[in-house]
Each structure stands twice: as structure tokens, then as C-alpha cells.
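Here's the structure we're looking at; comments come further down.
The values are calculated or read from the model by the stated rules, or taken from the named source; none is laboratory data. This is a predicted model, so every value here is computed, not measured. Cβ: placed from backbone, ideal geometry, glycine included. Neighbour counts: every protein chain shown. Side chains are part of the model used for accessible areas, which takes the heavy atoms of the whole protein and leaves out ligands, DNA and RNA. Shrake-Rupley method; radii C 1.70, N 1.55, O 1.52, S 1.80 Å.
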Amino acid sequence: MKKKICIIGTGYVGLITAVGLSSFGNNVIGVDIDEEKVRKLNKGESTLYEPGLEEYLEDNLNNKRISFTTDIEMAILQSEIIFIAVGTPSNENGEAELKYLYNVLDSIIKYSNTYKLVVTKSTVPVGTNRKIKEYFISNKKDFLDIVSNPEFLREGKAIFDFFHPDRIIIGYENENARKIMEEIYSPFLRTTVPFLWCNWETAELIKYASNGFLALKIAYINQISNLCEISGADVYLVAKGMGMDGRIGSKFLHPGPGYGGSCFPKDTRALSKIAESFGTKISLIDAVIDANEKQKEHVFNRFKNKLGDLKNKKIGILGLAFKAETDDIRESPAIYIIDKLKKEKCIISAHDPKARKNFSKIFPDIQYVEDLYDVANDAEAILILTEWNEYKTMDLYEIKKRMKNPYIFDTRKVLREEELKEKGFDYNFVGLK
Ligand code: UDX
């Protein structure tokens, strides 16, 4: 049955959820405080790069199933279900900052006079949904219900993930809320997508424990790759051999310059703080956070050790986004590495198919090139930091011709070793001796 839904916060999670739920035939209003964003979205222009998103947005706008507004009062009044998808970034202590969430809750309390189901999509510390329910009660809005419905979308594959989730996790307390959530996700009830119904705390922790575990896998393979650099073992074959064990699984064992993005860094820090707030410690997560910081440093040091004095050397950078298929640069390893290169007084020329604009807001004073081959002009070295497909197929003869010194440090191993050898490059990968 068609539902009236509003989604508060049209960032990454909110926008994908809004578009996905309206594609199911619901009437969806996306709410944001940013007028420019709302104007663009109403015209069908996506405010972030995500494959397939704009097509879905346009289709739903044409079918009048979705609209965007800054008028939170109107959106709340017209909706039976309110999804909260505002950011919960790290604060200065590493905890999840909940002020945006509480601003939204205050609006919901102010403008709700009848039953509504509030759905927390934002990643929130264990115990938050229970506190939200208490907050409703203390503000005399005990008719407001709350469920925790954490999000597992991957950037770059978010549309696919929305329609093909591995699982749907719902933390709830009463049967009516469960019934409404079943109706919202009814297109999945007839599929093999598993549902896990649990209490609020369990749902909240599933999100953190999942992201923490994936981050741990990456940190682990990165540390194994450091051992490979010394011992001569091949980390890619080590990862392959490990992945053949069904208990381990082959995914998330790709070594690199360290994980980044909007989730892993902030969620690992928050998980550590959550444990602390309950008087315990997850020392493995603290080790992961530390290992990831050290990995960025380690990758930079290998590069510097190879080139010696970096002053006035021209370095070409391929890839600025924290991973391919996104323009998101939040906590991208490229930020750390370019900052270090700048301190060494390098001359930097950088390419990224989608993230140049976002990156130039933090580093306005490096050169950005539209054509990836231009980073090679007179370069003493090229550093590949993101695994974009176009780097996998670039013409290495052309690259070499333009470089002053044909050295490539491919931190994502997008290039094939045989080809680099054959074309006369000096090269390195993470994990290679
Ligand atoms: C992640 C989770 O996958 C998603 O379920 C969650 O809801 C949000 O966080 P995302 O941040 O989009 O999604 O990216 P993901 O593909 O998981 O990669 C995260 C980081 O790990 C990237 O910097 C990526 O380059 C790095 N990574 C990933 C590796 O270095 N090695 C790997 O093997 C996998």
C-alpha cells in the first residue's frame, strides 16, 4: 500500500532512500535545510555522483512520487512515516555527534499531533533509539513510535544495494511499528532478502559491528602486506589463498593506502567510544584505527624513501576519491598523502574523473587536470590512489613518453605487473618487496 513518507536529510543515505522508496510507489518528500540542494533536486539534478541515481530521480519526479522541500513542518504534517537520515559525524572526541539528530527530533515533537512512525536511518550509538523514545515521552508525545533501521549502502553501488540488500535489520519495540515496516519493505518480503527483527540496541550495534569488522579485515590485510614487503611473500596471493577458506571469505582483503570514506573512519572511532561509555573496551577496534592511520603514513614513507628529496619534484596523482565510482573525498587517503607531499614542497598535478571539484575545496592550490595523461607531463613519479577503471586501461606508452622519470607507485594495484615490466617502468605496489 502506498505510504506517505518524509525523509529528513538528503545526503547520501537520505537521497538514495528517498529515491528507492518512491520507486516502490510511495509518496516521498525529501527535506533538507540547504535551499540550493532542494532546488537542484526538484529539477532532477543529483547533488552527488552516484551511478544510476539521476535516472531514478528523474523518473520519480516525472511520476510525481517525489518532491523536495526545506519546509520541515509541512513535510512532517503530511507524513505517516518519518525517516531520519541526517549526518552523525565524529565530534572532536571521536564520538558520533547527535546535534543534527536532536534538531530533527525537536521538529518532529513540535509538529506531530497524531501517531507517526519515526525510522532512524542515521548511524547512532547503542542506546540512542531508547533515549529517543524517552525524549518523545518526556515531551508528551508518547504516541510517536520509533524503529532503528540501519543502512548498509556502499557508495558507488548504492542504487543496486538499495534494491538488492544483503539483509534488512529492524530494531523495534511494538507490533504496530513492525507491521508498518513490513509494509514499507513489502517488495522484499516476496524475495529471498532476509529480515532480522530485534531490539533497538541490537540493530544499532549490528551496524557498528559490521563496519568495524570490515575495517578490521582491511587493516589486517594491510598489516600482512607490510610483512610481505619485508619477507617477499605475495600479498595478493596470500589474500587469494585466505579467501578460499569459506569461513574467511575473499572480500575486503585488498591491500591499499588505508580505508577512508564517510563510514569506516567515523564508525570505528564511534564504536570505540560507545564501548568506553559502557565501561568496556574493544581493543581490536582501537588497534584497527591505529593501524589504518599508520598505513597511510607507511604508504607515504615508501614513496618518499624511493624518491629521496621531494622538493620541487613534479608528482602526478591519479585518484582523489576515497574509492572509485564516487565523488566523495571524506577521509580519503589522498587527503593525507597530498598534504604530506605539499609539506615536502612537491609540485602536484592531480586527476580524478569525479572528485576534482570536491578536492579543490580543501586543496585549491594544486593543479587539477581534466585529461589523466596530463598528470604525466614531466612527472618524476605517478601515485595511483583510487582504483578508477580508466586507470586500468590507460595507455602506458603514452604515460611513459610524457614522464621525466617513469616511476609509478600503484597503491591500489590497478595495473598489471607484467605490463609495467614490459613497458620499462620502475614501479611499486603496496605489499611488493
Ligand atoms: C561502507 C560499507 O561497505 C557500507 O556497508 C556502509 O554502510 C558504509 O561504509 P563505503 O564507505 O561506501 O561503504 O565503501 P567500501 O566499499 O566499504 O570501502 C570503504 C573503504 O575501504 C574505501 O576506502 C576502500 O577503498 C577501502 N577498502 C575496501 C580497501 O582498502 N580494501 C578492501 O578490500 C575493501
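Provide a single number: the residues in the stretch 312-330 that are part of a loop (DSSP other than H, G, I, E, B), open to solvent by less than 10 Å² (accessible area, probe 1.4 Å) and touching a strand residue (DSSP E or B) at 6+ places or on another chain (Cβ under 8 Å).
Of the residues in that region, 2 qualify.
Would you check if S250 is more than 15 Å from L432 (Cα to Cα), over 17 Å from the mean Cα position of the chain (by Cα) and within 12 Å of the ligand (Cβ to nearest atom)?
yes
Considering only residues of the stretch 131-160 that are within 17 Å of the chain's Cα centre (by Cα) and aromatic (F, W, Y), which is nearest to F322 (Cα to Cα)?
F152
Here's a check for you: in the stretch 171-182, which residue that is touching a helix residue (DSSP H, G or I) at 6+ places or on another chain (Cβ under 9 Å) and open to solvent by 50 Å² or more (accessible area, probe 1.4 Å) is farthest from K131 (Cα to Cα)?
E182
Please verify whether the stretch 335-355 includes one or more residues that are in contact with an Asp or Glu (Cβ under 6 Å, 6 or more places away or on another chain) and of a type in the set (S, T, N, Q).
no
Taking K133, is it more than 16 Å from the ligand (Cβ to nearest atom), part of a helix (DSSP H, G or I) and more than 30 Å from T386 (Cα to Cα)?
yes
Is there a residue being within 23 Å of the chain's Cα centre (by Cα), at negative phi and hydroxyl-bearing (S, T, Y) anywhere in the stretch 83-93?
Yes, that holds for at least one residue.
Given (1) touching a Ser or Thr at 6+ places or on another chain (Cβ under 9 Å); (2) more than 16 Å from the ligand (Cβ to nearest atom); (3) not in a helix (DSSP H, G or I), identify the lone condition not met by D142.
(1)
Could you please tell me which pairs satisfy a Cβ distance under 6 Å, a separation of 6+ or placement on different chains, a first residue in the stretch 255-271 that is within 9 Å of the ligand (Cβ to nearest atom), and a second residue that is among the hydroxyl-bearing types (S, T, Y)?
P255/S225; G256/T411; P257/T411; G260/S332; D267/Y208
Return the pairs, sorted by first residue and then second, in which the second residue is part of a helix (DSSP H, G or I) and hydrophobic (A, V, I, L, M, F, W, C), the first residue lies in the stretch 278-299 and is without any contact (Cβ under 8 Å) to a residue 40 or more places away in the chain and surrounded by fewer than 14 Cβ atoms within 10 Å (Cβ to Cβ), the beta carbons are less than 8 Å apart, and the residues are 6+ apart or on different chains.
Between residues of the stretch 278-299 that are without any contact (Cβ under 8 Å) to a residue 40 or more places away in the chain and surrounded by fewer than 14 Cβ atoms within 10 Å (Cβ to Cβ) and residues that are part of a helix (DSSP H, G or I) and hydrophobic (A, V, I, L, M, F, W, C), the close pairs are K281/A275.
Going by what's in this entry, would I109 be described as more than 16 Å from the ligand (Cβ to nearest atom), surrounded by fewer than 21 Cβ atoms within 10 Å (Cβ to Cβ) and modelled with pLDDT of 95 or more?
So I109 fits the description; yes.
Consider N149 against the criteria (1) open to solvent by 20 Å² or more (accessible area, probe 1.4 Å); (2) among the polar types (S, T, N, Q); (3) closer than 23 Å to G127 by Cβ: it satisfies all of them except one. Which criterion is unmet?
N149 satisfies every listed condition except (1).
Quick check: anything in the stretch 195-215 among the acidic types (D, E), more than 16 Å from the ligand (Cβ to nearest atom) and open to solvent by less than 60 Å² (accessible area, probe 1.4 Å)?
Checked against the condition, which is being among the acidic types (D, E), more than 16 Å from the ligand (Cβ to nearest atom) and open to solvent by less than 60 Å² (accessible area, probe 1.4 Å), the stretch 195-215 yields at least one hit.
Return the total of residues in the stretch 32-51 being surrounded by 15 or more Cβ atoms within 10 Å (Cβ to Cβ) and touching a residue at least 60 places away in the same chain (Cβ under 8 Å).
Number of matching residues: 3.
Could you please find all residues in the stretch 232-247 being touching a residue at least 12 places away in the same chain (Cβ under 8 Å) and either touching a Ser or Thr at 6+ places or on another chain (Cβ under 6 Å) or away from the ligand (no atom under 15 Å from the Cβ) (or both)?
Selection gives G232, D234, V235.
Being touching a Phe, Trp or Tyr at 6+ places or on another chain (Cβ under 8 Å), assigned to a strand (DSSP E or B), more than 30 Å from L432 (Cα to Cα) and away from the ligand (no atom under 11 Å from the Cβ), is that true of even one residue in the stretch 152-166?
no
Suppose the filter is at pLDDT 95 or above, more than 21 Å from the chain's Cα centre (by Cα), within 25 Å of Y336 (Cα to Cα) and crowded, with 18+ Cβ neighbours inside 10 Å; does Y236 pass it?
yes
Only one residue in N312, N301 is closer than 18 Å to P257 by Cα and either more than 15 Å from the ligand (Cβ to nearest atom) or over 26 Å from the mean Cα position of the chain (by Cα) (or both), so which one is that?
Every option except N301 fails the conditions.
Among the residues of the stretch 320-334, is any free of Cβ contacts under 8 Å to residues at least 60 places away in the same chain and not hydrophobic (A, V, I, L, M, F, W, C)?
So far as the stretch 320-334 goes, no, none of its residues is free of Cβ contacts under 8 Å to residues at least 60 places away in the same chain and not hydrophobic (A, V, I, L, M, F, W, C).
Can you name the number of the only condition in (1) in a helix (DSSP H, G or I); (2) of a type in the set (F, W, Y); (3) closer than 21 Å to S122 by Cα that Y49 fails?
(1)
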